[in-house]
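Data first, discussion second: the structure below is written as C-alpha cells.
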Amino acid sequence: MTVTDGTSRDKDSYTISEVVALTGLTAHTLRWYERIGLMPHVDRSHTGQRRFSNRDLDWLAFVGKLRLTGMPVADMVRYAELLRAGESTFEERQELLEATRRDVITRIAELHDTLAVLDHKIEFYAGARRAPERHSA
C-alpha cells in the first residue's frame, strides 16, 4: 500500500511525527481532528503516545479529499459519526456525499468560467503588447 506521496507503508503503527511526515498535516491538526471526533479512535502505546494505523492513514487521505471539496468540518465530523454508527447509516452517508458532489460540480463550473475570463485577459494583454495602440481595460 502507498500513501498519497507515493511512499510505501510496510508497517501498521506510526507515531504522530511519522504521520506528519507522511501526510503533510501538522501534529496540531491531527490532535484537533481527534479532539473534534473527526479521527476514529487512535490507539495509544503503553506510554500514552498516539499510534496511527494504515487504516488511520487511509482515513486521513479521505478527509484530505473532503477538505479539497470544500466540505465544512462539521459535515466531515457528521460523516465520521455516521461511519462509526454502522451500516444503518449508508443512506445518510450517501446523501451527504452526493450533496458534496453537487457542490464540487458547481465549483468546477465556476472555475471553468473563471479560467475563460483569465484566458481572455491574457490574450488581450498578449495582443496589446503586439499592438500598443489598442489599450483598454
How charged is the neighbourhood of residue 94? Take every other residue with its Cβ under 14 Å from the Cβ of residue 94, and add Lys/Arg as +1 and Asp/Glu as -1. -2
Please work out, to two decimal places, the log10 of the ratio I(q)/I(0) at q = 0.18, 0.20 Å⁻¹ from a Debye calculation in which every Cα of the stretch 62-137 carries one identical scatterer. -0.77, -0.86
If you place +1 on the Cβ of every Lys and Arg and -1 on the Cβ of every Asp and Glu, how big does the dipole about the Cα centre of the chain come out, in debye to the nearest 20? 460 debye
Spin-label point model (7 Å from Cα, Cβ direction): what's the residue 117 to residue 31 distance in nm? 4.1 nm
What is the sum of charges, Lys and Arg at +1 and Asp and Glu at -1, for the other residues whose Cβ falls under 13 Å from the Cβ of residue 27? +1
Radius of gyration, Dmax [the stretch 1-111; alpha carbons; angstrom]: 15.2, 51
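Every read-out reported here was derived from the displayed coordinates using simple, explicitly stated rules and does not represent laboratory data. Since the structure is predicted, the reported quantities are computational estimates derived from the model, not experimental observations. Backbone-built Cβ (ideal geometry, glycine too); neighbour counts: all protein chains shown.
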